[in-house]
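The values are calculated or read from the model by the stated rules, or taken from the named source; none is laboratory data. These numbers come from a predicted model, not from an experiment. Glycine gets a Cβ as well: all are built from the backbone with ideal geometry, and neighbour counts include every protein chain shown.
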Amino acid sequence: MLIIPAIDLKGGRCVRLRQGEMDKETLFSDHPEEVARRWESQGARLLHIVDLDGAVTGRPYNETAIKNILQSAAIPLELGGGIRSLDTMERYLSLGVNRVVLGTIAHKQPALLEEACKKFPGRIVVGIDARDGMVAVEGWKETTAVRAADLVKTIENQGVEAIIFTDIKRDGMMSGPNLHSTRAMAEATHIPVIASGGVTTLDHIRELLRLESCGVQGIIIGRALYEGSINLNDALDLAGDKH
(Lines give C-alpha, C1' and ligand atoms only; values in the text may rest on other atoms or scores of the structure.)
Protein backbone atom coordinates (compact mmCIF):
# COMPACT_ATOMS: atom_id res chain seq x y z
CA MET A 1 0.00 0.00 0.00
CA LEU A 2 1.33 3.42 -0.97
CA ILE A 3 1.50 6.01 1.83
CA ILE A 4 1.29 9.50 0.32
CA PRO A 5 2.03 12.63 2.39
CA ALA A 6 -0.09 15.64 1.42
CA ILE A 7 1.14 19.20 1.01
CA ASP A 8 -1.68 21.73 0.67
CA LEU A 9 -0.68 25.14 -0.66
CA LYS A 10 -2.42 28.40 0.17
CA GLY A 11 -0.74 31.71 -0.47
CA GLY A 12 2.54 29.90 -1.11
CA ARG A 13 2.54 28.28 2.33
CA CYS A 14 1.88 24.76 3.58
CA VAL A 15 -1.46 24.66 5.43
CA ARG A 16 -4.21 22.23 6.36
CA LEU A 17 -7.92 22.99 6.17
CA ARG A 18 -10.87 21.52 7.99
CA GLN A 19 -13.55 20.07 5.68
CA GLY A 20 -12.10 22.18 2.85
CA GLU A 21 -13.12 25.49 4.42
CA MET A 22 -10.64 28.11 3.23
CA ASP A 23 -11.11 30.21 6.38
CA LYS A 24 -10.35 27.24 8.66
CA GLU A 25 -6.67 26.86 7.97
CA THR A 26 -3.76 25.86 10.15
CA LEU A 27 -0.34 27.05 9.01
CA PHE A 28 2.39 24.42 9.20
CA SER A 29 5.23 25.92 7.17
CA ASP A 30 6.17 29.00 5.19
CA HIS A 31 8.50 26.79 3.14
CA PRO A 32 6.64 23.90 1.45
CA GLU A 33 9.82 22.75 -0.30
CA GLU A 34 11.37 22.00 3.10
CA VAL A 35 8.31 19.94 4.00
CA ALA A 36 8.67 18.00 0.75
CA ARG A 37 12.32 17.24 1.50
CA ARG A 38 11.36 16.06 4.98
CA TRP A 39 8.82 13.54 3.72
CA GLU A 40 11.24 12.38 1.03
CA SER A 41 14.05 11.92 3.56
CA GLN A 42 11.75 9.76 5.69
CA GLY A 43 11.05 7.39 2.82
CA ALA A 44 7.96 8.64 0.99
CA ARG A 45 7.80 7.56 -2.67
CA LEU A 46 5.09 9.99 -3.82
CA LEU A 47 3.82 13.40 -2.71
CA HIS A 48 0.27 14.69 -3.09
CA ILE A 49 0.22 18.44 -3.73
CA VAL A 50 -2.95 20.56 -3.76
CA ASP A 51 -3.13 24.14 -4.98
CA LEU A 52 -5.99 25.21 -2.71
CA ASP A 53 -6.21 28.71 -4.18
CA GLY A 54 -6.26 27.18 -7.64
CA ALA A 55 -9.09 24.82 -6.71
CA VAL A 56 -11.24 27.76 -5.62
CA THR A 57 -10.33 30.21 -8.41
CA GLY A 58 -10.22 27.63 -11.20
CA ARG A 59 -6.73 28.61 -12.36
CA PRO A 60 -3.15 27.87 -11.25
CA TYR A 61 -2.09 30.02 -8.32
CA ASN A 62 0.80 28.52 -6.35
CA GLU A 63 3.09 27.78 -9.29
CA THR A 64 6.19 29.28 -7.64
CA ALA A 65 5.80 27.05 -4.58
CA ILE A 66 5.19 24.05 -6.85
CA LYS A 67 8.37 24.78 -8.82
CA ASN A 68 10.31 25.05 -5.55
CA ILE A 69 9.02 21.65 -4.46
CA LEU A 70 9.96 20.12 -7.81
CA GLN A 71 13.47 21.52 -7.52
CA SER A 72 13.86 20.35 -3.91
CA ALA A 73 12.47 16.81 -3.98
CA ALA A 74 13.46 14.01 -6.34
CA ILE A 75 10.47 11.74 -5.75
CA PRO A 76 7.38 11.96 -8.01
CA LEU A 77 4.51 14.23 -7.14
CA GLU A 78 0.89 14.41 -8.18
CA LEU A 79 -0.77 17.80 -8.34
CA GLY A 80 -4.36 18.96 -8.22
CA GLY A 81 -6.22 22.24 -7.85
CA GLY A 82 -7.25 24.65 -10.60
CA ILE A 83 -6.23 22.40 -13.48
CA ARG A 84 -9.02 23.00 -15.97
CA SER A 85 -7.33 22.98 -19.42
CA LEU A 86 -5.00 20.86 -21.53
CA ASP A 87 -2.54 23.76 -21.63
CA THR A 88 -2.32 23.84 -17.83
CA MET A 89 -1.87 20.07 -17.69
CA GLU A 90 0.87 20.20 -20.30
CA ARG A 91 2.67 23.04 -18.53
CA TYR A 92 2.72 21.27 -15.17
CA LEU A 93 3.74 17.93 -16.67
CA SER A 94 6.54 19.63 -18.61
CA LEU A 95 7.78 21.20 -15.36
CA GLY A 96 8.23 17.73 -13.89
CA VAL A 97 4.91 16.93 -12.22
CA ASN A 98 4.43 13.16 -12.50
CA ARG A 99 0.64 13.21 -12.80
CA VAL A 100 -2.18 15.72 -12.52
CA VAL A 101 -5.35 15.35 -10.49
CA LEU A 102 -8.56 16.49 -12.16
CA GLY A 103 -11.72 17.00 -10.16
CA THR A 104 -14.17 19.59 -11.42
CA ILE A 105 -13.69 18.80 -15.11
CA ALA A 106 -14.34 15.09 -14.52
CA HIS A 107 -17.89 16.10 -13.66
CA LYS A 108 -18.41 19.22 -15.76
CA GLN A 109 -16.30 18.49 -18.85
CA PRO A 110 -16.15 14.72 -19.41
CA ALA A 111 -15.03 15.18 -23.04
CA LEU A 112 -12.00 17.16 -21.84
CA LEU A 113 -11.16 14.42 -19.34
CA GLU A 114 -11.30 11.83 -22.11
CA GLU A 115 -9.05 13.97 -24.31
CA ALA A 116 -6.58 14.46 -21.45
CA CYS A 117 -6.36 10.71 -20.84
CA LYS A 118 -5.57 10.15 -24.52
CA LYS A 119 -3.01 12.96 -24.72
CA PHE A 120 -1.28 12.16 -21.41
CA PRO A 121 -1.65 8.39 -20.92
CA GLY A 122 -0.89 7.14 -17.42
CA ARG A 123 -0.65 10.66 -16.03
CA ILE A 124 -4.28 11.57 -15.31
CA VAL A 125 -5.78 10.96 -11.88
CA VAL A 126 -9.38 11.86 -11.04
CA GLY A 127 -10.25 13.29 -7.66
CA ILE A 128 -13.76 12.35 -6.57
CA ASP A 129 -14.70 14.39 -3.52
CA ALA A 130 -17.94 13.53 -1.80
CA ARG A 131 -20.14 15.25 0.75
CA ASP A 132 -22.79 12.85 2.08
CA GLY A 133 -22.13 10.65 -0.95
CA MET A 134 -22.66 13.45 -3.48
CA VAL A 135 -19.89 14.82 -5.69
CA ALA A 136 -18.52 18.25 -4.71
CA VAL A 137 -16.64 20.46 -7.18
CA GLU A 138 -15.16 23.96 -7.56
CA GLY A 139 -12.88 23.60 -4.55
CA TRP A 140 -15.70 21.84 -2.66
CA LYS A 141 -17.84 25.00 -2.81
CA GLU A 142 -20.51 23.33 -4.94
CA THR A 143 -22.23 20.05 -4.08
CA THR A 144 -23.82 18.43 -7.11
CA ALA A 145 -26.76 16.07 -7.48
CA VAL A 146 -24.46 13.33 -8.78
CA ARG A 147 -23.59 10.37 -6.59
CA ALA A 148 -19.87 9.65 -6.32
CA ALA A 149 -20.43 5.99 -7.20
CA ASP A 150 -22.28 7.03 -10.37
CA LEU A 151 -19.56 9.45 -11.48
CA VAL A 152 -16.87 6.78 -11.31
CA LYS A 153 -18.90 4.58 -13.66
CA THR A 154 -18.91 7.28 -16.34
CA ILE A 155 -15.10 7.43 -16.42
CA GLU A 156 -14.48 3.69 -16.09
CA ASN A 157 -13.05 3.16 -19.57
CA GLN A 158 -11.35 6.48 -20.30
CA GLY A 159 -7.84 5.54 -19.23
CA VAL A 160 -7.75 7.20 -15.80
CA GLU A 161 -4.68 6.08 -13.86
CA ALA A 162 -6.23 6.26 -10.37
CA ILE A 163 -9.13 7.66 -8.35
CA ILE A 164 -8.51 9.74 -5.25
CA PHE A 165 -11.62 9.40 -3.12
CA THR A 166 -12.12 11.98 -0.38
CA ASP A 167 -14.91 12.12 2.16
CA ILE A 168 -15.06 15.87 2.73
CA LYS A 169 -16.63 15.63 6.16
CA ARG A 170 -13.64 13.58 7.33
CA ASP A 171 -10.96 15.75 5.71
CA GLY A 172 -8.76 17.50 8.24
CA MET A 173 -11.03 16.43 11.09
CA MET A 174 -8.83 13.64 12.52
CA SER A 175 -11.96 11.49 12.82
CA GLY A 176 -10.93 8.40 10.87
CA PRO A 177 -11.59 7.41 7.24
CA ASN A 178 -15.00 6.54 5.87
CA LEU A 179 -14.33 2.84 5.35
CA HIS A 180 -17.79 2.03 4.04
CA SER A 181 -17.74 4.67 1.31
CA THR A 182 -14.14 3.94 0.40
CA ARG A 183 -14.88 0.25 0.01
CA ALA A 184 -17.99 1.02 -2.06
CA MET A 185 -15.97 3.27 -4.35
CA ALA A 186 -13.24 0.65 -4.82
CA GLU A 187 -15.79 -2.08 -5.53
CA ALA A 188 -17.59 0.13 -8.07
CA THR A 189 -14.58 0.40 -10.40
CA HIS A 190 -11.55 -1.45 -11.69
CA ILE A 191 -9.51 1.78 -11.44
CA PRO A 192 -7.12 1.78 -8.45
CA VAL A 193 -8.46 3.90 -5.56
CA ILE A 194 -6.46 6.12 -3.22
CA ALA A 195 -8.18 6.86 0.10
CA SER A 196 -8.12 10.38 1.51
CA GLY A 197 -9.63 12.13 4.50
CA GLY A 198 -9.61 11.49 8.22
CA VAL A 199 -6.63 9.14 8.56
CA THR A 200 -5.32 9.90 12.04
CA THR A 201 -3.77 6.80 13.61
CA LEU A 202 -1.90 3.67 12.63
CA ASP A 203 -5.08 1.74 13.39
CA HIS A 204 -6.82 3.70 10.64
CA ILE A 205 -4.07 2.62 8.25
CA ARG A 206 -4.54 -0.99 9.37
CA GLU A 207 -8.25 -0.70 8.61
CA LEU A 208 -7.56 0.63 5.12
CA LEU A 209 -4.96 -2.06 4.47
CA ARG A 210 -7.81 -4.56 4.71
CA LEU A 211 -9.37 -2.88 1.66
CA GLU A 212 -6.33 -3.53 -0.52
CA SER A 213 -7.97 -6.63 -1.96
CA CYS A 214 -10.94 -4.46 -3.02
CA GLY A 215 -8.71 -2.14 -5.06
CA VAL A 216 -7.53 0.48 -2.54
CA GLN A 217 -3.87 0.98 -3.41
CA GLY A 218 -2.89 4.16 -1.59
CA ILE A 219 -3.55 6.33 1.46
CA ILE A 220 -3.11 10.10 1.55
CA ILE A 221 -2.21 11.47 4.97
CA GLY A 222 -2.16 15.16 5.83
CA ARG A 223 -2.91 16.74 9.20
CA ALA A 224 -1.97 13.61 11.18
CA LEU A 225 1.61 13.84 9.91
CA TYR A 226 1.88 17.53 10.72
CA GLU A 227 0.39 17.23 14.19
CA GLY A 228 2.33 14.07 15.01
CA SER A 229 -0.46 11.55 15.59
CA ILE A 230 1.14 9.46 12.82
CA ASN A 231 4.87 9.09 12.32
CA LEU A 232 5.62 8.71 8.63
CA ASN A 233 8.31 6.08 9.18
CA ASP A 234 5.88 3.98 11.22
CA ALA A 235 3.18 4.35 8.56
CA LEU A 236 5.55 3.31 5.78
CA ASP A 237 6.76 0.32 7.77
CA LEU A 238 3.20 -0.78 8.50
CA ALA A 239 2.20 -0.52 4.83
CA GLY A 240 5.43 -2.05 3.53
CA ASP A 241 6.06 1.08 1.48
CA LYS A 242 9.66 2.26 1.70
CA HIS A 243 11.91 3.06 -1.21
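Looking across segment 72-83, the residues that are under 19 Å from Leu52 (Cα atoms), of a type outside the set (Val, Ile, Thr) and in contact with a Leu (Cβ under 8 Å, 6 or more places away or on another chain) come down to Leu77, Glu78, Gly80, Gly81.
Just one of the listed residues (Ala184, Ala235) is modelled with pLDDT of 95 or more and more than 15 Å from Gly127 (Cα to Cα), namely Ala235. One residue stands out among those in segment 182-228 that are among the hydroxyl-bearing types (Ser, Thr, Tyr) and closer than 20 Å to Val160 by Cα: the one that is farthest from the chain's Cα centre (by Cα), which is Ser213.
Every residue, every condition in (1) of a type in the set (A, V, I, L, M); (2) in contact (Cβ under 8 Å) with a residue 40 or more places away in the chain, yes or no:
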{"residue": "Leu77", "(1), (2)": "yes, yes"}
{"residue": "Gly82", "(1), (2)": "no, no"}
{"residue": "Ala116", "(1), (2)": "yes, no"}
{"residue": "Gly122", "(1), (2)": "no, no"}
{"residue": "Val135", "(1), (2)": "yes, no"}
{"residue": "Arg147", "(1), (2)": "no, no"}
{"residue": "Leu151", "(1), (2)": "yes, yes"}
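When each of Ala136, Ala162 is tested for being at pLDDT 90 or above, within 15 Å of the chain's Cα centre (by Cα) and of a type in the set (Gly, Ala, Ser), the lone residue that passes is Ala162.
With the structure loaded, tell me whether Leu17 is farther than 20 Å from Arg99 by Cα and in contact (Cβ under 8 Å) with a residue 40 or more places away in the chain or whether it fails that test. In short, yes. Being modelled with pLDDT of 95 or more and of a type in the set (D, E, K, R): is that true of Glu212 here? So Glu212 passes the test. Suppose the filter is at pLDDT 95 or above, of a type outside the set (D, E, K, R), outside any helix (DSSP H, G or I) and under 17 Å from the mean Cα position of the chain (by Cα); does Ile69 pass it? Criteria not met by Ile69.
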